[in-house]
Structure formats: structure tokens, C-alpha cells
Amino acid sequence: QSRMLGDAKVEAVSLVQTSASLHEDGYDARIRAMIEAGAGAPASTSAEAIGEAVQALGARRIAIASPYSAEMIGRAKAYYESRYGLDVVAAEGFGATNAYAIGALSADAATEAFRRMDLRDVEVLLVPGGNFPTYAHIAAWERAFARPVVATNQAALWAMLRAMGVSAPLPGWGRLL
């Protein structure tokens, strides 16, 4: 598939499948190398983009509201702590087990999860899940919780814009953009 993207002369590629990165050490580097070789363009995974986005915001302590199961949240915690030096100080998942279930979730689940969490030491709110509908809620979450929000698709877009040298802000899409 990445060779077809190379034929299309894309400038950057992102694999937006955050949970895939959480199952295998070295997954990001292996998949990124395959995509870059095929597409002839810089590539990233959404899991990498999320970690780099949190770092770019100058933060270390995060809270996660996720559509994932408790097991997947544990994997996400280990991934972000070991790869990016982040400290997951609070986390809650909604137990979705497939992409359809994730897409059917209401963003209100994340809102309520953040309300239940002790956010005193949290610098960034993280909402992973590429199929979790979050874009329309990022600005409202940032206002309500007075912290930047990093969501999967937002972080993937941010990484692609960086790879293409685009630095113009996108108002209304969160502090990251």
C-alpha cells in the first residue's frame, strides 16, 4: 500500500492505528521503515505522534481517557512511560474491543472520565483512539479542563504538517495545532 502512495507522490504518511504500536516492541520503527521505503516519504505512527506532541507541548504528566480496555491502557502507560518519559498519573478506559465499538462511543465518555479524575498534577489530557470521534470536542475540553488535549487524529495531523514543514496554526483545533 505504501508503494501506491509513493506513486501518488505524497509528502508524508501516517499510520493512524495507535493500539497496534502498543503490542510489539519495535513496531513503530519497523512499520515506519517499511512505509518510508515504499512511499519514498517520511512516515510516522499515531502512537509516535502522540508521544512527540506531548513532548512538544513541554509536558510530562498526562491523564488518559481512552476507548480501550484496562489491558490496553496498561500497554499505553508502559509505552508512553518507557518511550517518551511521560508519567501517566490518571487513566480510564471504556472497554471497547473493536474499531466499530470505538466509533460508536460518545465523546461525553471522555468528558465524564476527566471529570472523575484527580487532574491536579496533570499537564496534558490524552484521548487516544483513531476511530474515537474527538475533533469537535478538543477545544471545549481544553476550556473546561484548562489543559492542552492531545487526540490521535489531531496528533497524526500535527506530525504530518511538521514533516511537510507547515507551521501555520489551525485555530479551533486545540493548542497543539
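The values are calculated or read from the model by the stated rules, or taken from the named source; none is laboratory data. This structure is a prediction, so every number in the text was calculated from the model and none was measured. Cβ sites come from the backbone with ideal geometry, for glycine too, and all protein chains shown count toward neighbours. Areas reflect the complete protein model, heavy atoms only, side chains present, ligands, DNA and RNA absent. Shrake-Rupley method; radii C 1.70, N 1.55, O 1.52, S 1.80 Å.
Shape annotation for segment 38-112: C-alpha extents along the principal axes are 36, 32, 21 Å, from largest to smallest.
Annotation: amide H-H contacts under 5 Å for ILE64 (H modelled 1.01 Å from N, sequence separation of 5 or more, or interchain): ALA90, ALA91, GLU92, LEU126.
For segment 107-143 versus segment 147-177, the inter-centroid distance based on Cα atoms is 16 Å.
Calculated accessible area for the chain comes out at 48 Å² per residue, all protein chains present (probe 1.4 Å; ligands, DNA, RNA ignored).
When the chain is treated as a GNM with alpha-carbon contacts under 10 Å, the residue of ALA109, ALA53, ALA63 showing the greatest mean-square fluctuation is ALA109. Taking amide H atoms as placed 1.01 Å from N in the peptide plane, the amide H of TRP173 has no partner under 5 Å among residues 5 or more positions away or on other chains. Distances between placed amide hydrogens fall under 5 Å for VAL13 paired with ALA43, SER44, all partners being 5 or more residues away or on another chain.
Take every Cα pair under 8 Å whose residues are at least 6 apart in sequence, average their separation, divide by the length of the chain, and the relative contact order is 25 percent.
Rounded to the nearest 10 degrees, the angle from helix 152-163 to the longest Cα principal axis of the chain is 40 degrees.
Each Lys and Arg Cβ is given +1 and each Asp and Glu Cβ -1; about its Cα centre, the chain then shows a dipole of about 240 debye.
Projecting the Cα atoms of ALA104, VAL122, VAL88 onto the dipole axis of the chain, where Lys and Arg carry +1 and Asp and Glu carry -1 at the beta carbon, places VAL122 farthest toward the positive end.
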